[in-house]
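The values are calculated or read from the model by the stated rules, or taken from the named source; none is laboratory data. Bear in mind the structure is a predicted one, so any value in this text is a computation, not a measurement. Glycine gets a Cβ as well: all are built from the backbone with ideal geometry, and neighbour counts include every protein chain shown. What goes into the accessible areas is simple: the full protein's heavy atoms, side chains included, and nothing from ligands, DNA or RNA. Shrake-Rupley method; radii C 1.70, N 1.55, O 1.52, S 1.80 Å.
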Amino acid sequence: MSTFQAPKGTYDLIPPESAKYLAVREAIAAPLRNSGYGYIETPGFENVELFARGVGESTDIVTKEMYAFETKGGDQLALRPEGTASVLRAALEANLHKLGNLPVKLWYSGSYYRYERPQKGRYRHFSQVGAEAIGAEDPALDAELIILADQAYRSLGLRNFRILLNSLGDKECRPVYREALQNFLRGLDLDEETLRRADINPLRVLDDKRPDVQKQLTDAPLLRDYLCDACKAYHEEVRELITAAGVSFEDDPKLVRGLDYYTRTTFEFVHDGLGSQSAVGGGGRYDGLSEMIGGPALPSVGWALGVDRTVLALEAEGVELELPASTSVFAVPLGDEARRVLFTKVTELRKLGIAADFSYGSKGLKGAMKSANRSGARYTIVAGERDLAEGVVQLKDMESGDQRAVGVNEIVAELESKLG
Ligand code: AMP
(Lines give C-alpha, C1' and ligand atoms only; values in the text may rest on other atoms or scores of the structure.)
Protein backbone atom coordinates (compact mmCIF):
# COMPACT_ATOMS: atom_id res chain seq x y z
CA MET A 1 0.00 0.00 0.00
CA SER A 2 1.21 3.52 -0.68
CA THR A 3 1.13 6.29 1.87
CA PHE A 4 -1.96 7.66 0.15
CA GLN A 5 -5.55 6.57 0.32
CA ALA A 6 -8.66 7.66 -1.56
CA PRO A 7 -10.04 10.81 0.16
CA LYS A 8 -12.80 10.41 2.73
CA GLY A 9 -16.18 9.70 1.17
CA THR A 10 -14.71 8.48 -2.11
CA TYR A 11 -13.79 5.08 -3.48
CA ASP A 12 -12.13 3.65 -6.55
CA LEU A 13 -13.80 1.55 -9.20
CA ILE A 14 -11.60 -1.47 -9.72
CA PRO A 15 -11.90 -4.49 -12.03
CA PRO A 16 -13.84 -6.70 -12.13
CA GLU A 17 -16.52 -4.66 -10.21
CA SER A 18 -15.85 -1.57 -12.31
CA ALA A 19 -17.40 -3.38 -15.31
CA LYS A 20 -20.76 -3.18 -13.52
CA TYR A 21 -20.55 0.62 -13.42
CA LEU A 22 -19.91 0.79 -17.14
CA ALA A 23 -22.80 -1.60 -17.79
CA VAL A 24 -25.15 0.46 -15.61
CA ARG A 25 -24.20 3.71 -17.38
CA GLU A 26 -24.71 2.00 -20.72
CA ALA A 27 -28.10 0.56 -19.71
CA ILE A 28 -29.37 3.95 -18.54
CA ALA A 29 -28.09 5.72 -21.65
CA ALA A 30 -29.51 3.21 -24.17
CA PRO A 31 -33.22 4.15 -23.86
CA LEU A 32 -32.27 7.86 -24.02
CA ARG A 33 -30.21 7.46 -27.19
CA ASN A 34 -33.19 5.61 -28.59
CA SER A 35 -35.58 8.47 -27.82
CA GLY A 36 -34.00 11.52 -29.38
CA TYR A 37 -31.66 12.60 -26.59
CA GLY A 38 -28.26 13.93 -27.70
CA TYR A 39 -25.12 13.52 -25.61
CA ILE A 40 -23.79 16.58 -23.78
CA GLU A 41 -20.68 16.99 -21.65
CA THR A 42 -20.00 20.02 -19.47
CA PRO A 43 -17.04 20.93 -17.20
CA GLY A 44 -16.63 19.37 -13.78
CA PHE A 45 -16.68 22.86 -12.24
CA GLU A 46 -18.72 25.99 -12.86
CA ASN A 47 -18.93 29.52 -11.55
CA VAL A 48 -20.29 29.13 -8.04
CA GLU A 49 -23.23 31.48 -8.74
CA LEU A 50 -24.69 28.99 -11.20
CA PHE A 51 -25.52 26.78 -8.23
CA ALA A 52 -25.71 29.33 -5.40
CA ARG A 53 -28.22 31.60 -7.00
CA GLY A 54 -29.00 33.39 -3.78
CA VAL A 55 -32.64 33.78 -4.66
CA GLY A 56 -35.69 32.04 -3.31
CA GLU A 57 -35.55 28.84 -1.37
CA SER A 58 -32.05 27.73 -0.49
CA THR A 59 -31.11 24.10 -0.02
CA ASP A 60 -28.64 22.01 1.92
CA ILE A 61 -26.90 21.02 -1.29
CA VAL A 62 -26.14 24.63 -2.04
CA THR A 63 -25.51 26.01 1.44
CA LYS A 64 -23.65 23.14 3.09
CA GLU A 65 -22.60 20.52 0.62
CA MET A 66 -20.87 22.42 -2.14
CA TYR A 67 -17.15 22.18 -2.86
CA ALA A 68 -16.60 25.87 -3.54
CA PHE A 69 -13.17 27.44 -3.94
CA GLU A 70 -11.32 30.47 -5.23
CA THR A 71 -8.81 29.99 -8.04
CA LYS A 72 -5.36 31.57 -8.21
CA GLY A 73 -6.90 34.05 -10.63
CA GLY A 74 -9.61 34.99 -8.13
CA ASP A 75 -12.54 33.19 -9.79
CA GLN A 76 -15.16 31.73 -7.49
CA LEU A 77 -15.82 28.21 -8.70
CA ALA A 78 -17.58 25.10 -7.41
CA LEU A 79 -17.29 21.44 -8.26
CA ARG A 80 -20.65 20.55 -9.78
CA PRO A 81 -23.05 19.10 -7.19
CA GLU A 82 -25.63 18.20 -9.84
CA GLY A 83 -26.12 18.20 -13.60
CA THR A 84 -29.25 20.15 -14.41
CA ALA A 85 -27.99 23.71 -13.90
CA SER A 86 -24.81 23.00 -15.91
CA VAL A 87 -26.69 21.41 -18.81
CA LEU A 88 -29.19 24.26 -18.95
CA ARG A 89 -26.35 26.80 -18.77
CA ALA A 90 -24.57 25.06 -21.67
CA ALA A 91 -27.74 24.79 -23.76
CA LEU A 92 -28.45 28.50 -23.31
CA GLU A 93 -24.84 29.43 -24.04
CA ALA A 94 -24.91 27.46 -27.30
CA ASN A 95 -28.35 28.90 -28.14
CA LEU A 96 -29.73 25.39 -28.64
CA HIS A 97 -33.15 26.70 -27.66
CA LYS A 98 -33.12 29.13 -30.61
CA LEU A 99 -32.60 26.51 -33.29
CA GLY A 100 -36.36 26.14 -33.56
CA ASN A 101 -36.52 22.57 -32.39
CA LEU A 102 -37.98 22.44 -28.90
CA PRO A 103 -37.70 20.59 -26.67
CA VAL A 104 -33.92 20.32 -26.69
CA LYS A 105 -33.33 16.80 -25.41
CA LEU A 106 -29.94 16.04 -23.85
CA TRP A 107 -28.37 13.26 -21.82
CA TYR A 108 -25.15 13.22 -19.81
CA SER A 109 -23.00 11.00 -17.66
CA GLY A 110 -20.34 12.04 -15.17
CA SER A 111 -18.98 12.71 -11.70
CA TYR A 112 -20.68 14.92 -9.10
CA TYR A 113 -19.38 16.22 -5.81
CA ARG A 114 -21.12 16.93 -2.52
CA TYR A 115 -19.50 17.50 0.85
CA GLU A 116 -21.81 15.11 2.69
CA ARG A 117 -21.44 12.94 5.75
CA PRO A 118 -20.32 9.71 4.10
CA GLN A 119 -22.18 6.46 4.69
CA LYS A 120 -23.15 3.47 2.60
CA GLY A 121 -24.73 4.81 -0.58
CA ARG A 122 -23.77 8.41 0.20
CA TYR A 123 -20.42 9.59 -1.04
CA ARG A 124 -18.60 12.86 -1.64
CA HIS A 125 -17.85 11.84 -5.19
CA PHE A 126 -20.49 9.85 -7.06
CA SER A 127 -21.68 9.38 -10.58
CA GLN A 128 -24.95 10.02 -12.33
CA VAL A 129 -26.49 9.56 -15.73
CA GLY A 130 -29.05 12.24 -16.42
CA ALA A 131 -31.48 13.51 -19.02
CA GLU A 132 -33.02 16.93 -19.60
CA ALA A 133 -35.78 17.99 -21.98
CA ILE A 134 -35.60 21.76 -22.28
CA GLY A 135 -38.16 24.22 -23.57
CA ALA A 136 -41.50 22.43 -23.66
CA GLU A 137 -44.43 22.18 -21.33
CA ASP A 138 -46.08 18.91 -22.24
CA PRO A 139 -47.18 16.19 -19.83
CA ALA A 140 -46.09 13.59 -22.42
CA LEU A 141 -42.51 14.76 -21.92
CA ASP A 142 -42.69 14.25 -18.15
CA ALA A 143 -44.22 10.83 -18.80
CA GLU A 144 -41.55 9.97 -21.39
CA LEU A 145 -38.74 10.55 -18.91
CA ILE A 146 -40.36 8.48 -16.17
CA ILE A 147 -41.04 5.66 -18.63
CA LEU A 148 -37.43 5.72 -19.92
CA ALA A 149 -35.98 5.53 -16.41
CA ASP A 150 -38.29 2.64 -15.62
CA GLN A 151 -37.17 0.93 -18.82
CA ALA A 152 -33.50 1.46 -17.94
CA TYR A 153 -33.86 -0.09 -14.48
CA ARG A 154 -35.88 -3.00 -15.85
CA SER A 155 -33.36 -3.67 -18.61
CA LEU A 156 -30.77 -4.14 -15.86
CA GLY A 157 -33.01 -6.68 -14.16
CA LEU A 158 -34.02 -4.49 -11.21
CA ARG A 159 -37.47 -5.25 -9.85
CA ASN A 160 -37.79 -4.03 -6.26
CA PHE A 161 -37.91 -0.33 -6.98
CA ARG A 162 -40.87 1.98 -6.66
CA ILE A 163 -41.71 5.21 -8.39
CA LEU A 164 -42.99 7.97 -6.13
CA LEU A 165 -44.86 10.78 -7.84
CA ASN A 166 -46.05 14.19 -6.74
CA SER A 167 -46.77 17.65 -8.08
CA LEU A 168 -45.15 20.69 -6.50
CA GLY A 169 -47.48 23.19 -8.14
CA ASP A 170 -46.33 26.30 -9.95
CA LYS A 171 -45.67 29.95 -9.19
CA GLU A 172 -49.37 30.51 -8.77
CA CYS A 173 -50.38 27.87 -6.28
CA ARG A 174 -47.07 26.98 -4.62
CA PRO A 175 -46.67 30.29 -2.69
CA VAL A 176 -50.16 29.94 -1.19
CA TYR A 177 -49.34 26.43 -0.03
CA ARG A 178 -45.90 27.48 1.20
CA GLU A 179 -47.46 30.01 3.54
CA ALA A 180 -50.05 27.56 4.84
CA LEU A 181 -47.28 25.04 5.50
CA GLN A 182 -45.13 27.64 7.24
CA ASN A 183 -47.98 28.58 9.54
CA PHE A 184 -48.46 24.94 10.40
CA LEU A 185 -44.74 24.32 11.00
CA ARG A 186 -44.38 27.33 13.30
CA GLY A 187 -46.87 25.72 15.65
CA LEU A 188 -44.79 22.53 16.04
CA ASP A 189 -42.16 21.58 18.56
CA LEU A 190 -39.09 21.73 16.29
CA ASP A 191 -35.41 22.42 16.95
CA GLU A 192 -33.90 25.72 15.91
CA GLU A 193 -32.30 24.49 12.71
CA THR A 194 -35.50 22.89 11.51
CA LEU A 195 -37.43 26.07 12.27
CA ARG A 196 -34.88 28.02 10.27
CA ARG A 197 -35.37 25.59 7.41
CA ALA A 198 -39.13 26.09 7.75
CA ASP A 199 -38.51 29.78 7.10
CA ILE A 200 -36.24 29.32 4.09
CA ASN A 201 -37.54 26.16 2.47
CA PRO A 202 -40.56 24.80 4.34
CA LEU A 203 -41.20 22.04 1.79
CA ARG A 204 -37.89 20.47 2.72
CA VAL A 205 -39.12 19.92 6.29
CA LEU A 206 -41.65 17.44 4.89
CA ASP A 207 -38.67 15.39 3.77
CA ASP A 208 -37.20 15.19 7.30
CA LYS A 209 -36.48 11.55 8.00
CA ARG A 210 -36.53 11.75 11.83
CA PRO A 211 -39.48 9.83 13.34
CA ASP A 212 -40.29 12.52 15.96
CA VAL A 213 -40.53 15.12 13.19
CA GLN A 214 -42.52 12.82 10.92
CA LYS A 215 -45.00 12.17 13.74
CA GLN A 216 -45.72 15.87 14.05
CA LEU A 217 -46.22 16.16 10.30
CA THR A 218 -49.15 13.75 10.12
CA ASP A 219 -51.66 16.58 9.80
CA ALA A 220 -49.51 18.92 7.73
CA PRO A 221 -51.35 20.61 4.87
CA LEU A 222 -50.67 18.86 1.56
CA LEU A 223 -49.81 20.60 -1.67
CA ARG A 224 -52.22 18.25 -3.39
CA ASP A 225 -55.09 20.19 -1.81
CA TYR A 226 -53.71 23.54 -2.96
CA LEU A 227 -52.94 22.81 -6.63
CA CYS A 228 -54.46 25.26 -9.10
CA ASP A 229 -56.66 23.87 -11.88
CA ALA A 230 -53.91 24.02 -14.50
CA CYS A 231 -51.48 22.10 -12.28
CA LYS A 232 -54.15 19.58 -11.36
CA ALA A 233 -55.02 18.88 -15.02
CA TYR A 234 -51.35 18.65 -15.98
CA HIS A 235 -50.62 16.19 -13.21
CA GLU A 236 -53.63 14.06 -14.04
CA GLU A 237 -52.46 13.81 -17.66
CA VAL A 238 -48.96 12.72 -16.58
CA ARG A 239 -50.47 10.04 -14.35
CA GLU A 240 -52.69 8.76 -17.14
CA LEU A 241 -49.88 8.55 -19.69
CA ILE A 242 -47.60 6.64 -17.31
CA THR A 243 -50.40 4.28 -16.38
CA ALA A 244 -51.21 3.66 -20.05
CA ALA A 245 -47.55 2.71 -20.56
CA GLY A 246 -47.93 0.02 -17.93
CA VAL A 247 -45.58 1.72 -15.49
CA SER A 248 -46.84 1.57 -11.93
CA PHE A 249 -46.21 4.35 -9.46
CA GLU A 250 -47.32 5.55 -6.05
CA ASP A 251 -48.72 8.98 -5.32
CA ASP A 252 -46.61 10.49 -2.57
CA PRO A 253 -48.15 13.82 -1.54
CA LYS A 254 -45.19 14.55 0.76
CA LEU A 255 -42.48 14.01 -1.83
CA VAL A 256 -40.25 17.05 -2.26
CA ARG A 257 -36.80 17.26 -3.77
CA GLY A 258 -33.44 18.51 -2.54
CA LEU A 259 -33.15 21.30 -5.07
CA ASP A 260 -35.14 24.47 -5.02
CA TYR A 261 -36.12 24.85 -8.63
CA TYR A 262 -38.64 22.07 -9.08
CA THR A 263 -42.22 22.83 -10.18
CA ARG A 264 -45.16 20.57 -10.96
CA THR A 265 -44.12 16.96 -11.70
CA THR A 266 -41.67 15.58 -9.14
CA PHE A 267 -40.64 11.96 -8.84
CA GLU A 268 -38.20 9.71 -7.15
CA PHE A 269 -37.14 6.13 -7.77
CA VAL A 270 -36.57 4.35 -4.48
CA HIS A 271 -35.20 0.88 -3.89
CA ASP A 272 -36.31 -1.04 -0.85
CA GLY A 273 -33.06 -2.94 -0.39
CA LEU A 274 -30.88 0.09 0.29
CA GLY A 275 -31.66 1.18 3.83
CA SER A 276 -31.67 4.89 4.55
CA GLN A 277 -30.11 6.03 1.24
CA SER A 278 -32.97 4.50 -0.72
CA ALA A 279 -33.30 6.97 -3.62
CA VAL A 280 -31.66 5.54 -6.72
CA GLY A 281 -32.80 8.40 -8.92
CA GLY A 282 -35.04 11.37 -9.11
CA GLY A 283 -36.14 14.35 -11.08
CA GLY A 284 -38.96 16.54 -12.16
CA ARG A 285 -40.07 19.67 -13.89
CA TYR A 286 -38.17 22.92 -13.38
CA ASP A 287 -40.07 25.58 -15.25
CA GLY A 288 -38.42 28.54 -13.53
CA LEU A 289 -34.73 27.60 -13.55
CA SER A 290 -33.84 29.12 -16.91
CA GLU A 291 -35.03 32.54 -15.80
CA MET A 292 -33.23 32.12 -12.47
CA ILE A 293 -29.93 31.82 -14.36
CA GLY A 294 -30.64 34.72 -16.70
CA GLY A 295 -32.22 32.88 -19.62
CA PRO A 296 -35.65 33.16 -21.22
CA ALA A 297 -38.66 31.27 -19.90
CA LEU A 298 -37.98 27.64 -20.82
CA PRO A 299 -40.17 25.10 -19.09
CA SER A 300 -38.15 21.91 -18.75
CA VAL A 301 -38.10 18.50 -17.15
CA GLY A 302 -35.33 16.04 -16.34
CA TRP A 303 -33.92 13.37 -14.08
CA ALA A 304 -30.65 12.04 -12.76
CA LEU A 305 -30.09 8.42 -11.81
CA GLY A 306 -27.31 7.55 -9.38
CA VAL A 307 -24.92 4.97 -10.79
CA ASP A 308 -23.39 4.04 -7.41
CA ARG A 309 -26.74 3.35 -5.80
CA THR A 310 -28.02 1.49 -8.85
CA VAL A 311 -25.05 -0.87 -8.51
CA LEU A 312 -25.86 -1.28 -4.78
CA ALA A 313 -29.49 -1.98 -5.68
CA LEU A 314 -28.43 -4.68 -8.16
CA GLU A 315 -26.31 -6.26 -5.43
CA ALA A 316 -29.17 -6.02 -2.92
CA GLU A 317 -31.44 -7.89 -5.35
CA GLY A 318 -28.74 -10.40 -6.20
CA VAL A 319 -28.90 -9.49 -9.89
CA GLU A 320 -25.87 -10.74 -11.82
CA LEU A 321 -25.35 -8.64 -14.93
CA GLU A 322 -24.47 -10.56 -18.06
CA LEU A 323 -21.14 -8.92 -18.68
CA PRO A 324 -19.25 -9.88 -21.80
CA ALA A 325 -16.03 -11.81 -21.02
CA SER A 326 -13.21 -9.31 -21.02
CA THR A 327 -10.85 -11.78 -22.68
CA SER A 328 -11.83 -14.52 -25.15
CA VAL A 329 -8.39 -15.74 -26.19
CA PHE A 330 -5.19 -15.85 -24.16
CA ALA A 331 -1.82 -16.50 -25.79
CA VAL A 332 0.98 -18.34 -24.00
CA PRO A 333 4.32 -18.28 -25.87
CA LEU A 334 7.21 -20.48 -24.81
CA GLY A 335 10.43 -18.95 -26.11
CA ASP A 336 11.37 -15.90 -28.15
CA GLU A 337 10.28 -17.16 -31.57
CA ALA A 338 6.86 -18.09 -30.17
CA ARG A 339 6.57 -14.65 -28.56
CA ARG A 340 6.93 -12.95 -31.91
CA VAL A 341 4.52 -15.30 -33.69
CA LEU A 342 1.80 -15.28 -31.02
CA PHE A 343 2.07 -11.53 -30.46
CA THR A 344 1.26 -11.07 -34.17
CA LYS A 345 -1.68 -13.48 -33.85
CA VAL A 346 -3.04 -11.58 -30.83
CA THR A 347 -2.85 -8.31 -32.77
CA GLU A 348 -4.72 -9.90 -35.71
CA LEU A 349 -7.43 -11.25 -33.40
CA ARG A 350 -7.88 -7.85 -31.79
CA LYS A 351 -8.25 -6.23 -35.21
CA LEU A 352 -11.10 -8.65 -35.88
CA GLY A 353 -12.76 -7.50 -32.67
CA ILE A 354 -11.91 -10.63 -30.68
CA ALA A 355 -10.83 -9.80 -27.13
CA ALA A 356 -7.35 -11.27 -26.79
CA ASP A 357 -4.55 -11.01 -24.26
CA PHE A 358 -0.98 -12.19 -24.00
CA SER A 359 1.31 -13.61 -21.35
CA TYR A 360 3.77 -10.77 -20.75
CA GLY A 361 6.99 -10.94 -18.76
CA SER A 362 9.07 -14.05 -18.56
CA LYS A 363 6.66 -16.46 -16.93
CA GLY A 364 7.09 -20.20 -17.13
CA LEU A 365 4.32 -22.38 -18.56
CA LYS A 366 2.71 -22.92 -15.17
CA GLY A 367 2.55 -19.24 -14.28
CA ALA A 368 1.35 -18.35 -17.77
CA MET A 369 -1.47 -20.92 -17.63
CA LYS A 370 -2.53 -19.45 -14.29
CA SER A 371 -2.83 -16.04 -15.98
CA ALA A 372 -4.82 -17.66 -18.78
CA ASN A 373 -7.22 -19.12 -16.23
CA ARG A 374 -7.59 -15.86 -14.37
CA SER A 375 -8.29 -13.96 -17.58
CA GLY A 376 -11.51 -15.94 -18.03
CA ALA A 377 -10.55 -16.66 -21.65
CA ARG A 378 -12.53 -19.37 -23.42
CA TYR A 379 -9.49 -20.43 -25.48
CA THR A 380 -5.78 -20.45 -24.89
CA ILE A 381 -3.19 -20.77 -27.62
CA VAL A 382 0.13 -22.20 -26.52
CA ALA A 383 3.20 -22.52 -28.73
CA GLY A 384 6.79 -23.63 -28.15
CA GLU A 385 9.73 -24.16 -30.47
CA ARG A 386 8.70 -27.69 -31.39
CA ASP A 387 5.15 -26.60 -32.31
CA LEU A 388 6.42 -23.84 -34.54
CA ALA A 389 8.89 -26.19 -36.20
CA GLU A 390 5.84 -28.28 -37.17
CA GLY A 391 3.95 -25.18 -38.29
CA VAL A 392 1.28 -25.47 -35.55
CA VAL A 393 0.11 -23.94 -32.25
CA GLN A 394 -1.82 -25.75 -29.53
CA LEU A 395 -5.42 -24.61 -29.15
CA LYS A 396 -6.87 -25.35 -25.72
CA ASP A 397 -10.58 -25.14 -24.95
CA MET A 398 -10.59 -23.88 -21.35
CA GLU A 399 -14.11 -25.17 -20.70
CA SER A 400 -13.66 -28.79 -21.79
CA GLY A 401 -9.90 -28.94 -21.31
CA ASP A 402 -9.49 -30.41 -24.84
CA GLN A 403 -6.32 -29.48 -26.66
CA ARG A 404 -5.32 -29.98 -30.29
CA ALA A 405 -2.82 -28.69 -32.83
CA VAL A 406 -3.98 -26.09 -35.37
CA GLY A 407 -1.86 -24.72 -38.21
CA VAL A 408 -0.18 -21.37 -37.48
CA ASN A 409 -1.77 -19.95 -40.61
CA GLU A 410 -5.21 -21.30 -39.73
CA ILE A 411 -5.46 -20.36 -36.06
CA VAL A 412 -6.92 -16.87 -36.50
CA ALA A 413 -9.64 -18.04 -38.90
CA GLU A 414 -10.36 -21.02 -36.65
CA LEU A 415 -10.85 -18.78 -33.59
CA GLU A 416 -12.90 -16.32 -35.59
CA SER A 417 -15.31 -19.05 -36.67
CA LYS A 418 -15.54 -20.37 -33.11
CA LEU A 419 -16.06 -16.99 -31.46
CA GLY A 420 -17.42 -14.80 -34.22
P1 AMP B 1 -30.46 14.24 -6.39
O2 AMP B 1 -30.07 15.28 -7.36
O3 AMP B 1 -30.00 14.53 -5.00
O4 AMP B 1 -31.90 13.83 -6.46
O5 AMP B 1 -29.63 12.96 -6.84
C6 AMP B 1 -30.06 12.09 -7.85
C7 AMP B 1 -29.49 10.71 -7.56
O8 AMP B 1 -28.07 10.78 -7.46
C9 AMP B 1 -29.94 10.14 -6.24
O10 AMP B 1 -31.15 9.47 -6.35
C11 AMP B 1 -28.81 9.20 -5.91
O12 AMP B 1 -28.97 7.96 -6.57
C13 AMP B 1 -27.60 9.90 -6.48
N14 AMP B 1 -26.90 10.63 -5.41
C15 AMP B 1 -27.12 11.88 -4.94
N16 AMP B 1 -26.27 12.22 -3.98
C17 AMP B 1 -25.45 11.14 -3.81
C18 AMP B 1 -24.33 10.85 -2.97
N19 AMP B 1 -23.86 11.75 -2.10
N20 AMP B 1 -23.73 9.64 -3.09
C21 AMP B 1 -24.19 8.72 -3.97
N22 AMP B 1 -25.22 8.95 -4.80
C23 AMP B 1 -25.85 10.13 -4.73
Exercise. Where the only charges are on Cβ atoms (+1 Lys, Arg; -1 Asp, Glu), what is the dipole of the chain about its Cα centre, to the nearest 20 debye?
Worked result: 1160 debye
Exercise. Given Leu349, Tyr360, Met398, which one lies farthest toward the positive end of the charge dipole of region 329-419, if we put +1 on the Cβ of every Lys and Arg and -1 on the Cβ of every Asp and Glu?
Worked result: Tyr360
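Under the rule that an exposed site lies in a DSSP loop and has at most 12 other Cβ atoms within 10 Å, name the longest stretch of the chain with no trypsin sites (Lys or Arg not before Pro) of that kind, not counting the sites themselves.
By the stated rule (loop sites, at most 12 other Cβ atoms within 10 Å), 210-420.
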Exercise. Taking a temperature of 20 °C and a viscosity of 1.002 mPa s, what whole-number D in µm²/s does Stokes-Einstein yield for region 218-351 with Rh from Kirkwood over alpha carbon pairs?
Worked result: 108 µm²/s
Exercise. Volume per residue, Å³, of the convex hull around the alpha-carbon atoms of the chain?
Worked result: 202 Å³
Exercise. Which residue, Leu305, Leu32, Leu190, has the most motion in a Gaussian network model of the chain that connects Cα atoms within less than 10 Å?
Worked result: Leu190
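Looking at region 84-146, which chymotrypsin sites (Phe, Trp or Tyr not before Pro) are in a loop (DSSP not H, G, I, E or B) and have at most 16 other Cβ atoms within 10 Å?
Tyr115
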For this session: Run down the aspartates and glutamates and flag those whose C-alpha is under 12 Å from the C-alpha of Lys418, throwing out any fewer than 8 positions away in its chain.
Result: Asp397
For this session: Run through all the Cα pairs of region 9-54 and give the fraction in each 5 Å bin from 0, expressed as whole percent.
Result: 5, 14, 14, 14, 18, 19, 12, 3, 0
Seminar exercise, completed: Probe 1.4 Å, all chains present, heavy atoms only: Asp308 accessible area in Å², nearest 10, is 10 Å²
Seminar exercise, completed: On the formula 1/(1 + (r/R0)^6), with r taken between the Cβ atoms of Glu348 and Glu17 and R0 of 25 Å, the FRET efficiency rounded to 0.05 is 0.20
Seminar exercise, completed: Ordered by number, the GluC sites (Glu not before Pro) in region 295-386 that occupy a DSSP loop and have at most 16 other Cβ atoms within 10 Å are Glu320, Glu322
For this session: State the cysteines of the chain left without a partner when partners are defined as other cysteines whose beta carbon lies under 4.7 Å away.
Result: Cys231
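Only Lys, Arg, Asp and Glu count, each charged at its Cβ (+1, +1, -1, -1), so figure out the dipole size of region 329-419 about its Cα centre, rounded to 20 debye.
Dipole size: approximately 400 debye.
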Seminar exercise, completed: Here the equivalent ellipsoid of region 191-230, derived from its Cα gyration tensor, has semi-axes (largest first, whole Å) of 21, 13, 7
Exercise. Charges only on Cβ, +1 for Lys and Arg, -1 for Asp and Glu: so what's the dipole of region 289-375 about the Cα centre, in debye to the nearest 20?
Worked result: 720 debye
Problem set entry | Linear extension gain, Gln182 paired with Asp272, 0.36 nm per residue minus alpha-carbon span | 29.3 nm
Exercise. Put +1 on the Cβ of every Lys and Arg and -1 on every Asp and Glu Cβ in the chain; which of Ser417, Tyr226, Val270 then has its Cα farthest towards the positive end of the dipole?
Worked result: Ser417
Seminar exercise, completed: Dipole check, the chain, charges on Cβ (K,R +1; D,E -1), about Cα centroid: among Ala149, Gly73, Gly384 the Cα furthest to the positive pole belongs to Gly384
For this session: Decide, for region 101-187, between rounded, prolate and oblate: order the square roots of the alpha carbon gyration tensor eigenvalues as a ≥ b ≥ c, take rounded if a/c falls under 1.5, and otherwise choose prolate if a/b is larger than b/c, else oblate.
Result: oblate
Problem set entry | Gain on full stretching of the segment that runs from Arg374 to Ala316 - 0.36 nm per residue minus C-alpha separation | 18.2 nm
Exercise. How big is region 329-419 on each of its three principal axes, counting only the C-alpha atoms and giving the largest first in Å?
Worked result: 29, 28, 25
For this session: Report in % the part of the accessible area of the chain that belongs to carbon and sulfur, leaving out ligands and nucleic acids; probe 1.4 Å.
Result: 49 percent
Exercise. Given a 1.4 Å probe, how much area per residue of the chain is accessible, in Å²?
Worked result: 50 Å²
Problem set entry | Gyration tensor verdict on region 278-348 (Cα atoms; rounded if a/c is under 1.5, prolate if a/b is larger than b/c, oblate otherwise) | oblate
